[in-house]
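Here the structure is laid out as structure tokens; the discussion comes afterwards.
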Amino acid sequence: MADNEDWEEGDLAVFEEPANFRPPSPPPTFQNVPRELEDIEAGQVASFRVRLVGKHSLWAHWLWNAGRTCAQYLDKHKYMCRGKYVLELGAAAALPSFVAAVNGASKVVITDFPEPVLVKNIEYNVEHNLPPEISSAVAVEGFIWGHDPSALLAYTHTTSSDASAPPSTPSGFDLIILADLIFNHTEHERLLKSCRACLNQKDGLVFVTFTHHVPKKAHMDMAFFDRAREQGFTVEKILEVKAKPMFENDEGDIEMRSTVHGYFLSLKNTSS
């Protein structure tokens, strides 16, 4: 990952290219992701085979270490998913969402930038990785960070058997997944705005996993958490995992580029 790949202000909100701007994308690739045997409950799938788009400016053609680590953590802490409303932002291959779904989430809403190649790829992965009885609890939506989240929050309405009852107020998501998103430094404000708007503010968690892909900009990655505190989030570091670096020949300290960090954000100890 080159260190000059930060987005300019508003790039994610207006993402259009002229016809024939770039050569055709290479074909999709596939990654097989086995689950740990001790994490597989009776009748569950033993592995996932996720399709990645051939090439994309939003880096959806990689299965990032932070996504793998997030998925593994959720598999070992199933209580975070079971019976919960789960939202993943910037999902790409959506591996953490699939783990949440097989571990009994009430609803999983998977989102990425509303470009057909990204949304359709997620839909393909849902269809080919989850049995119908589980995929029926999964929805795929295009979403731009910072925009109106009403369509997402609609999935958290509670239903009533009384047809005459007024519609419920959305409860928000119990778990929001951000797997390797905070290197988009100019998007921190919009990303946090969406998290705050979509989170169940009583006891919901935002699960953030990431790697310092460009070590000299680590302070810019960490500014996300400074901004989160300013917005009233409680910030707690909960994991640090060593992995193989995504790109062996990149510049910067290899130890930093090999480490996945995980944090929880919550609003439960703050006023909304």
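Anything in region 53-94 that is modelled with pLDDT of 95 or more, surrounded by fewer than 23 Cβ atoms within 10 Å (Cβ to Cβ) and closer than 18 Å to residue 247 by Cβ? List them, or say none.
Scanning region 53-94 gives a single hit, 68.
Looking at (1) closer than 16 Å to residue 72 by Cα; (2) small (Gly, Ala, Ser); (3) free of Cβ contacts under 8 Å to residues at least 60 places away in the same chain, which one does residue 243 not meet, given that it meets all the others?
Going through the list (1) closer than 16 Å to residue 72 by Cα; (2) small (Gly, Ala, Ser); (3) free of Cβ contacts under 8 Å to residues at least 60 places away in the same chain, residue 243 breaks only (3).
Residue by residue through region 68-124, note down the ones that are under 14 Å from residue 35 (Cα atoms) and in contact with a Ser or Thr (Cβ under 7 Å, 6 or more places away or on another chain).
If the condition is that a residue be under 14 Å from residue 35 (Cα atoms) and in contact with a Ser or Thr (Cβ under 7 Å, 6 or more places away or on another chain), then 69, 70 are the ones that fit.
So in region 26-41, with the set limited to residues that are at pLDDT below 95 and surrounded by 10 or more Cβ atoms within 10 Å (Cβ to Cβ), which one is farthest from residue 82 (Cα to Cα)?
Pass one, region 26-41, residues at pLDDT below 95: 26-31.
Remaining after also requiring surrounded by 10 or more Cβ atoms within 10 Å (Cβ to Cβ): 26, 28-31.
Values: 26: 38, 28: 32, 29: 31, 30: 28, 31: 26 Å.
That would be 26.
Considering only region 235-256, how many residues are touching a Phe, Trp or Tyr at 6+ places or on another chain (Cβ under 8 Å) and at pLDDT below 95?
So the first thing to find is which residues in region 235-256 are touching a Phe, Trp or Tyr at 6+ places or on another chain (Cβ under 8 Å), and the list is 235-239, 246.
Those still in the list that are at pLDDT below 95 too: 246.
Total meeting the criteria: 1.
Identify all residues within region 107-120 that are under 15 Å from the mean Cα position of the chain (by Cα), part of a helix (DSSP H, G or I) and touching a residue at least 40 places away in the same chain (Cβ under 8 Å); write none if there are none. Before you say what the answer is, go through the steps one by one.
Our first condition is that a residue be under 15 Å from the mean Cα position of the chain (by Cα); within region 107-120, this holds for 107-114, 118-119.
When the remaining residues are screened for being part of a helix (DSSP H, G or I), the result is 118-119.
Residue satisfying the conditions is 118 alone.
Before we move on, is residue 44 surrounded by 10 or more Cβ atoms within 10 Å (Cβ to Cβ), at pLDDT 85 or above, of a type outside the set (Lys, Arg) and assigned to a loop (DSSP other than H, G, I, E, B)? Can you show your working first?
Details: surrounded by 10 or more Cβ atoms within 10 Å (Cβ to Cβ): yes; at pLDDT 85 or above: yes; of a type outside the set (Lys, Arg): yes; assigned to a loop (DSSP other than H, G, I, E, B): yes.
The answer is yes for residue 44.
Output the number of residues of region 75-89 satisfying the condition of being in a helix (DSSP H, G or I) and touching a residue at least 60 places away in the same chain (Cβ under 8 Å).
At the first step, the residues of region 75-89 found to be in a helix (DSSP H, G or I) are 75-76, 78-80.
Subsequent filtering for residues that are touching a residue at least 60 places away in the same chain (Cβ under 8 Å) retains 80.
Selection size over region 75-89: 1.
The values are calculated or read from the model by the stated rules, or taken from the named source; none is laboratory data. Note that the structure is a prediction, hence the values are computed from the model and not measured. Don't worry about glycine lacking a Cβ; one is built from the backbone with ideal geometry, like all the others, and counts go over all protein chains shown.
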